[in-house]
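The values are calculated or read from the model by the stated rules, or taken from the named source; none is laboratory data. Just so you know, these numbers come straight off a predicted model, no measurement behind them. Every residue, glycine among them, receives a Cβ derived from its backbone with ideal geometry; neighbour counts consider all protein chains shown. In case anyone asks, the SASA skips ligands and DNA or RNA and just uses the protein heavy atoms, side chains included. Shrake-Rupley method; radii C 1.70, N 1.55, O 1.52, S 1.80 Å.
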Amino acid sequence: MASLLAELLHDTSRRGDEIAAELNNLQEKVPAEIEAYRHRMLQMVEQARRLIASMLADPDLEDPLYASNYFRHYKHVARLIQELENLPLLVLRRFSEPDRTITVVVAAICHEAKIPFSPPVCSSISSQYYWTAAGMDVVFAPCLEPDHLLGLPDAYHELGHILLFRNEKLLVHPALTIVDAWYDKTLIQSKKLNWPEASRQELERFQRCWRLSWLLEFGSDLIATYMVGPAFGWCNIRTSTNLGGGLFLGSESHPADSARAVAIKLMLDRISFGNDGAEITERWSQLVQLSGESRPQRYELAYPEELLTELTEFIHSKCQALGLRKYDPKAKEDTPVAATVNDAWREFRVNPGKFGEYERSCLKALLALVR
């Protein structure tokens, strides 16, 4: 009788075989724009299958001394197989014309922003607004997004997540050092000044949130602002009203919308769009007045402007080091997506009631350029 580990490996191997067969069946069925992606996912499945086969063939698999090591390898492969089924295979089997539209547009963004990796495949089947499976190069968008422009700056944010994932040593690790330095320094000061224990515990909780997810969200916002300029600041107001809870209340997975607005303003200042940043900040103040909300206690400890400023400078320097193209309104011919999105936001603010017709016309012209 096979051991439990052998049974699990055989089950995962069978699922890998089925995913590989499905990916092979999709050859010549998927559009040319995503054939390279299909092939890349197939290679990942094949690599996982080879690893499973090598473990099953290893006589040490049944040795209790090595069981824990093999089990760790199994869990890694099993998670990979599950992700390939849940994400790339799902997207490729249901790939539609709207998916193709947004995939082509995001590919154009990658080209014009000089993003140094193959464009991700995009799917308009999300029920959670925009989000990204960075390790699988998939960007998910709401079902109607391929027909609209105002939410497109958030696609730049998702590309920021992929950039952070692919450049962890260059971007994430040094940025975490900046975060830790600020909080470690502040914790030392809090002890010297005899802060209440509750305040020190909050400091430690905030630091954990930064390390868990906040840094990635702020980093993606800053990268997006660098690439698409003021449009991302305007889009952030829209996203905060459509999706956000309290403007000043973050969660473990996402920082407060108000703090994100501050970071966006800092990057706009840094790339010489201070006037736009001031206008966006004024609009944000109107939103705060409408909401009737105010900053909670210890808000400044969660989102210290000194730390946000340092991170803005760091991300700006690394965007330059990676060769990313900074938003430039004078480069419309080279950056049609960024130009169209910024023009759309300007038109929307001037004439929101008649924006629909303008948007349809602009989107049609943009797709003619990028397809």
Between Arg50 and Arg79, the two model label points (7 Å from Cα along the beta-carbon direction) sit apart by a distance in nm of 2.2
Which value, in nm² and rounded to one decimal, describes the direction-averaged projected area of the C-alpha convex hull of the stretch 294-336?
5.1
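Quick one: grab the alpha carbon gyration tensor of the stretch 213-358, order the square roots of its eigenvalues as a ≥ b ≥ c, and give me rounded if a/c is under 1.5, else prolate or oblate depending on whether a/b is larger than b/c.
Details: a/c = 2.07, a/b = 1.17, b/c = 1.78.
Oblate.
Rounded to whole Å and sorted largest first, what semi-axes of the equivalent ellipsoid does the C-alpha gyration tensor of the stretch 12-150 yield via the square root of 5 times each eigenvalue?
Values: eigenvalues 231, 45, 35 Å².
Computed over the stretch 12-150, the values are 34, 15, 13 Å.
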Set of lysines near Lys330 by C-alpha distance (under 25 Å), chain-local residues within fewer than 8 positions excluded
Lys114, Lys265, Lys318, Lys364
Please work out whether the chain counts as rounded, prolate or oblate from its C-alpha gyration tensor, where a ≥ b ≥ c are the square roots of the eigenvalues and a/c under 1.5 means rounded, while otherwise a/b larger than b/c means prolate and anything else oblate?
oblate
Subtracting the Cα-Cα distance of Ser68 and Glu333 from 0.36 nm times their residue separation yields 89.7 nm
Each label point is 7 Å from the Cα along the Cα-to-Cβ direction; what then is the distance between the points at Leu212 and Ser285, in nm?
3.4
Distance between the C-alpha centers of the stretch 311-371 and the stretch 22-50? Whole Å please.
32
Can you pull the three principal axis extents for the Cα set of the stretch 15-63, in Å, largest first?
47, 15, 9
Subtracting the Cα-Cα distance from 0.36 nm times the residue separation, let me have the gained length for Ser199 to Ala32 in nm, one decimal.
54.5 nm
How much mean residue ellipticity at 222 nm does the chain get from its helices, if each DSSP H run of length 4 or more adds -39500 (n - 2.57) and you divide by all residues, to the nearest 500 deg cm²/dmol?
-21500 deg cm²/dmol
Tell me, what is the 1.4 Å probe accessible area of Thr309, in Å² to the nearest 10?
70
